[in-house]
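Asker: Have a look at this one before I ask anything.
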Amino acid sequence: MSGTWREALWLLLGAAALIANWLCLFRAYAYSGIAIATVVYHVQPFVLLLLAAVLQGARLPLARLPWLVLALVGVGLSSGLLERAATGAAQGAWQGMVLALRGQAVFSPQAWGAVAVLGLVHTAWMYTLMYTAFQRLPAQAIAGLSFIYPVVALLVDVLWFGARPQLSQWLGMALILGALWAYRRSPRPV
């Protein structure tokens, strides 16, 4: 197989994975809400670090890892699962969390159109910018910065949908931002 065909095959495989990714995430929203599904979805910085270590031989940032773990604790707190579990309302949330990691979806034609526009316009443009930047950043920086997305998702949930986060969720967002600040300021691995 020539280089062009191989690249086209990888491109198609990546596109299919991205479409499946978005479909599962959007279906997860129906079960657990935008905030919880988005938070669970963003456990991926740890997966990124592990894949970079295994596939590329990148060193794990052991000195900086506690800050990522603290950010993950913040993600857990900001998800609102503590409150849902305490009130017994977490059953549907668990289905949403599984779908945020991987699942199946059934959409109406209008929803397929919205997903197509989102994929072709927003995602294509955003991923082009993002992957161009990723070529210049180490995996550790990408993993650390990706925790910003759950904070933004929760703030959008508050501002746009009128969600009223509990104290633990505000604490979780503060932990994420504080951990990211400390992560960026801590010594970089050599």
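Asker: Select from the range 70-101 the residues that are within 19 Å of the chain's Cα centre (by Cα), open to solvent by 70 Å² or more (accessible area, probe 1.4 Å) and modelled with pLDDT of 60 or more and list them in ascending order.
Answerer: Those that are within 19 Å of the chain's Cα centre (by Cα), open to solvent by 70 Å² or more (accessible area, probe 1.4 Å) and modelled with pLDDT of 60 or more: VAL73, TRP94, GLN95, VAL98.
Asker: Select, from LEU129, LEU171, the only residue that is more than 19 Å from TYR41 (Cα to Cα) and either surrounded by 14 or more Cβ atoms within 10 Å (Cβ to Cβ) or in contact with a Pro (Cβ under 8 Å, 6 or more places away or on another chain) (or both).
Answerer: LEU171
Asker: Would you check which residues across the range 145-175 are polar (S, T, N, Q) and over 11 Å from the mean Cα position of the chain (by Cα) and list them?
Answerer: Selection gives GLN166, SER168, GLN169.
Asker: Kindly evaluate ALA37 against the criterion of being surrounded by 17 or more Cβ atoms within 10 Å (Cβ to Cβ) and more than 20 Å from ALA179 (Cβ to Cβ).
Answerer: yes
Asker: Of all residues in the range 138-153, count the ones that are open to solvent by less than 50 Å² (accessible area, probe 1.4 Å) and modelled with pLDDT under 80.
Answerer: Residues that pass the stated criteria total 10.
The values are calculated or read from the model by the stated rules, or taken from the named source; none is laboratory data. Note that the structure is a prediction, hence the values are computed from the model and not measured. Backbone-built Cβ (ideal geometry, glycine too); neighbour counts: all protein chains shown. Note: areas computed on protein heavy atoms with side chains; ligands, DNA, RNA excluded. Shrake-Rupley method; radii C 1.70, N 1.55, O 1.52, S 1.80 Å.
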